[in-house]
Amino acid sequence: MTKKQKKVLHRIIIAAVLMVVLGFLPVQGLLRLVMYLVPYLIIGHDILRKAFKGIRNKQVFDENFLMAVATIGAMIIGVTGDGDYTEAIAVMLFYQIGELFQSYAVGKSRKNISELMDIRPDYANIEVDGEIEQVDPDEVAVGSVILVQPGEKVPIDGVVVEGNSTLNTSALTGESVPRDVRVGEEVFSGCINMTGVLRIQTIKEFGESTVSKILDLVENASSKKAKSENFISKFAKYYTPIVCYSALALAVIPPIVSIIMQIEPNWSDWLYRALSFLVTSCPCALVISIPLSFFGGIGGASKDGILIKGSNYIETLAATKYVVFDKTGTVTQGVFEVTKVSPNGITEDALLEYAALAECYSTHPISKSLKNAYGKVLDMTKVSDVQEISGNGVTATVIGKSVAVGNEKLMKNLDVSYVKAESSGTLVYVAVDGNFVGSIVISDKIKPSAKTAMKDLKKAGVKKLVMLTGDAKQVAEQVAAELGIDEVHSELLPADKVAIVEKMIAVKGENEKLVFVGDGVNDAPVLSRADVGIAMGAIGSDAAIEAADIVLMDDDPAKIAKAMKHSKKCMRIVYQNIYFAIGVKVLCLVLVAIGIANMWLAIFADVGVMVIAVINATRTLGIFGKR
Amino acid sequence: MKKTYKIEVDCANCANKMEEATKKTAGVKDATVNFMALKLIVEFEDGADVDAVMKEVVKNCKIVEDDCEIYV
């Protein structure tokens with residue numbers, strides 16, 4: 001508890017004890033009023049002060065005003081009637097207990113979430129004259145060498161210059177698969193160094209490092225508010241004045257009607273009901289529990305490596321009916337591998353060697369996969385006259401022979417009579433001195449979790465799964481069939497993807513939301529055009545973090561369904577709280593108005609609903625954490 | 001231009017009121033109060049004098065909720 005909370009707690013205890021003790025004293029008249037005023041003022045002075053200031057600043061109709069009017073009214077009824085002042089004190093007491101609980105619960109979730117996001121490094125180690133010195137990460141210049149001991153967090157993004165180790169990336173990705181790093185490899189801030197000492201040359205400032213970006217994103221998340229959140233603010237704005245006027249009407253109209261009908265007007269009874277009505281009406285339960293639910297949802301998700309930029313996206317994600325995927329890097333690994341080698345008259349190794357040598361100067365992913373498949377060190381002196389023919393392939397002179405490596409077009413252009421191969425991957429044909437020597441199939445591998453991810457999405461209520469790709473039709477269709485994707489658009493340019501998504505948005509229903517999932521490479525326009533753009537595998541990709549609404553820190557497609565399921569749960573809790581709080585409030589207001597419930601019940605209902613709503617809201621913190 | 005300020009406020013409803021008050025201040029294009037993170041994010045209009053605008057914001061917030069603090 002904070003100092004402020006402790007002070008309130010002390011006031012509550014003192015006032016409660018005083019109230020009970022006074023109950024045993026047989027004092028009457030003015031002295032009784034003065035004695036009861038002591039605990040009343042102890043517990044309620046700040047509320048009275050706030051209410052008074054509110055009136056002076058023309059800000060009536062807040063909860064302080066409600067409480068002040070209700071309790072002063074109850075005191076007046078006490079003076080004129082039976083001398084029972086405990087009701088006014090009790091109302092103040094319960095109100096303060098409720099407020100205390102609320103502030104405690106909110107503080108607690110704040111703490112929980114900051115613990116979840118406890119990835120902020122406190123210091124960086126730099127070496128000065130052979131001595132290790134701890135400095136503020138903010139002060140480390142780009143290009144400095146920092147030292148990271150086992151057990152410490154990597155404070156700033158950089159490249160390993162000395163040492164090797166295993167990193168725990170779970171704080172960033174939610175996955176507990178350790179990653180091995182060696183000299184020359186890039187490491188991201190926020191990972192925990194587990195085994196060896198690393199010397200890292202920084203490539204970014206602390207403020208631009210991954211860890212800062214993530215923290216910034218999470219901390220500023222709720223700047224975009226969900227519709228249900230805005231509804232609550234609006235509701236509270238109209239609700240309080242309406243309740244105040246209704247209370248006034250309740251105090252005045254029935255007695256006047258009684259007078260007209262020549263019945264005893266019973267002023268104090270109606271005044272009492274009106275005051276109880278005011279006590280019941282506090283909208284605190286709603287106003288606090290809704291933002292708390294979303295806050296918990298966003299905080300809990302970030303622990304799982306799902307970063308959500310605003311509570312509105314939780315709402316949208318829960319109503320998702322269409323999911324559009326990019327293919328490469330999203331459902332497939334984006335890493336090309338040689339999957340089939342079909343030599344014609346030479347050995348497999350020889351075929352791969354010719355292809356790898358001819359492509360040895362290229363950095364294209366296909367060339368890389370050929371080199372990887374060959375596996376041995378390439379003697380680049382054997383290669384000369386390399387010519388890249390854009391959209392076709394490569395020709396080169398390898399050990400005096402002219403070698404051509406490329407697609408069908410290249411073979412046709414060179415008049416090579418090749419054997420057409422059937423395959424779902426990318427086909428590479430190889431010719432030596434104009435003779436066809438074989439073909440190689442290179443394909444992108446589907447991510448292992450992709451298939452279950454699609455199934456889970458369908459289970460979570462998605463109507464249609466769509467895949468967009470720049471790849472060949474055959475490749476795209478085979479991937480789609482294997483994963484159970486409903487619709488495929490292939491051979492697209494980046495601009496075509498935007499057009500297709502726009503068309504889908506135009507024809508879908510208003511309440512059916514569309515999600516686009518990409519890897520953040522070349523798809524920023526689509527990410528921002530969709531109702532929700534999800535970028536995956538975003539560690540280190542600033543562009544993706546910028547453009548997307550939801551960022552998955554690793555590249556596991558199963559997280560999409562997970563994020564959706566959790567958003568639904570979060571929304572369910574939000575609606576439970578809205579219906580529950582409003583429902584109980586209305587019920588109590590009616591009971592109070594017809595005289596069944598008294599002020600005690602009214603304050604119980606108010607504080608009770610709030611406590612339950614807050615406890616329910618804090619459940620959102622947990623739902624994302626579950627695996 | 002957007003700036004983020006740390007704030008101190010006790011209740012969620014008061015936070016909403018501060019948000020309203022900040023939005024209505026001259027020179028402020030848009031504003032959001034994040035009650036859970038205790039942050040006030042203000043988007044200023046082009047060419048606005050940030051210090052002067054924030055003085056007004058603090059004043060207006062104090063009117064709607066006396067018990068609040070904005071760390072400018």
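Collect residues whose amide H, placed 1.01 Å from N in the peptide plane, falls under 5 Å from the amide H of A:D555; neighbours closer than 5 in sequence don't count.
For A:D555, whose amide H was placed from the backbone, the distant partners under 5 Å are A:G537.
Across the residues of B:3-15, average count of Cβ atoms on other protein chains within 10 Å? Before the final figure, lay out the partial values.
Working: counts 0, 4, 0, 0, 0, 1, 0, 5, 10, 14, 13, 5, 4.
The mean count of partner-chain Cβ atoms within 10 Å per residue comes to 4.
Please list, in order along region A:360-370, the HN-Hα scalar couplings obtained from phi with the Karplus expression 6.51 cos²θ - 1.76 cosθ + 1.60 (θ = phi - 60°), rounded to whole Hz, x for Gly and Pro.
3J(HN,Hα) across region A:360-370, in whole Hz: 5, 8, 8, 10, 4, x, 5, 4, 4, 5, 5.
So who's got an amide H within less than 5 Å of the one on A:V437, skipping anything under 5 residues away but keeping other chains? H placed 1.01 Å off N, in plane.
So A:V437 has HN proximity to A:V430, A:A431, A:V432.
Can you give the relative contact order of chain A as a percent, counting alpha carbon pairs under 8 Å and 6+ residues apart?
Numbers: 1188 pairs, mean separation 92.8, N = 627.
Relative contact order here is 15 percent.
Grab the eigenvalues of the alpha-carbon gyration tensor for region A:337-443, scale each by 5, take roots, and send me the semi-axes largest first in whole angstrom.
17, 16, 13
Find the relative contact order for region B:2-71 and round it to a whole percent, using C-alpha pairs within less than 8 Å whose residues are 6+ positions apart.
Once normalised by length, the contact order is 42 percent.
Only bridges whose two residues both fall in chain A count here: according to DSSP, what percent of them are antiparallel, nearest 5?
75 percent
Mind checking which of A:C282, B:V53, A:V106 is farthest towards the positive end of the protein assembly as shown's charge dipole, using Cβ charges of +1 (Lys, Arg) and -1 (Asp, Glu) about the Cα centre?
Farthest along the dipole direction, towards plus: A:C282.
Please report the spacing between the Cα centers of region A:296-334 and chain B in Å, no decimals.
Their Cα centres are 30 Å away from one another.
Net charge around A:L93, counting only other residues with Cβ within less than 14 Å of its Cβ (Lys, Arg = +1; Asp, Glu = -1)? All intermediate terms of the calculation are to be shown ahead of the outcome.
Numbers: positive: A:R11; negative: A:D46, A:E87, A:E99, A:D606.
Neighbour charge sum, excluding A:L93 itself: -3.
Quick check: net charge around B:A15, other residues with Cβ under 11 Å of its Cβ, Lys/Arg +1 and Asp/Glu -1?
So the environment of B:A15 carries a net charge of -3.
How crowded by other chains is B:61-70, given as the mean number of beta carbons from other chains within 10 Å of each beta carbon?
3
Hey, fewest Cβ within 10 Å first, where do A:I263, A:I89, A:I55 land in order? Walk me through the numbers before you get to the answer.
Values: A:I263 11, A:I89 26, A:I55 14.
In increasing order of surrounding Cβ atoms, one gets A:I263, A:I55, A:I89.
Can you tell me the relative contact order of region A:337-443? Whole percent, Cα pairs under 8 Å, sequence separation 6 or more.
On the way: 201 pairs, mean separation 32.7, N = 107.
Here the relative contact order equals 31 percent.
Would you mind working out the magnitude of the charge dipole of the protein assembly as shown relative to its Cα centre, with +1 at each Lys and Arg C-beta and -1 at each Asp and Glu C-beta, to the nearest 20 Debye?
Working: 75 positive and 83 negative charges, 550 e Å.
Dipole of the protein assembly as shown, to the nearest 20 debye: 2640 debye.
So, counting K/R as plus one and D/E as minus one, what does the shell of residues with Cβ under 13 Å around A:A356 add up to?
Neighbour charge sum, excluding A:A356 itself: -1.
What's the average, rounded to a whole number, of partner chain beta-carbon atoms within 10 Å of each residue's beta-carbon in B:27-37?
Neighbouring Cβ atoms belonging to other protein chains average 5 per residue here.
From the phi of every residue in region B:36-50, what ³J(HN,Hα) in whole Hz does the Karplus formula 6.51 cos²θ - 1.76 cosθ + 1.60 yield, where θ is phi - 60° and glycine or proline is x?
Result, ordered by residue: 5, 8, 6, 9, 10, 10, 10, 9, 8, 6, 4, x, 6, 7, 4 Hz.
Given the -39500 (n - 2.57) contribution per DSSP H run of 4+ residues, what per-residue ellipticity at 222 nm results for chain A, rounded to the nearest 500 deg cm²/dmol?
That comes out to -17000 deg cm²/dmol.
At q = 0.11, 0.16, 0.24 Å⁻¹, what is the base-10 log of I(q)/I(0) for region B:2-71 according to the Debye formula with one equal point scatterer per Cα and no solvent? Please give it to two decimals.
For region B:2-71 at q = 0.11, 0.16, 0.24 Å⁻¹, log10 I(q)/I(0) is -0.20, -0.43, -1.00.
If you project the alpha carbons of the protein assembly as shown onto their three principal axes, what span does each projection cover, largest first, in Å?
Largest to smallest, the principal-axis extents are 119, 68, 48 Å.
Between A:L41 and A:M194, how many nm apart are label points set 7 Å from Cα along the C-beta direction?
Taking the two extended label points, one gets 6.5 nm.
Taking only Cα atoms, what is the 0 to 90° angle, nearest 10, from helix A:3-23's long axis to the longest principal axis of chain A?
For A:3-23 against chain A, the angle is about 30 degrees.
Bear in mind these aren't lab numbers, they're just calculated from the coordinates by the rules spelled out. In this text the structure is predicted, and so the values were computed from the model without any measurement. Heads up, the Cβs are rebuilt from the backbone with ideal geometry, glycines too, and the neighbour counts pull from every protein chain shown.
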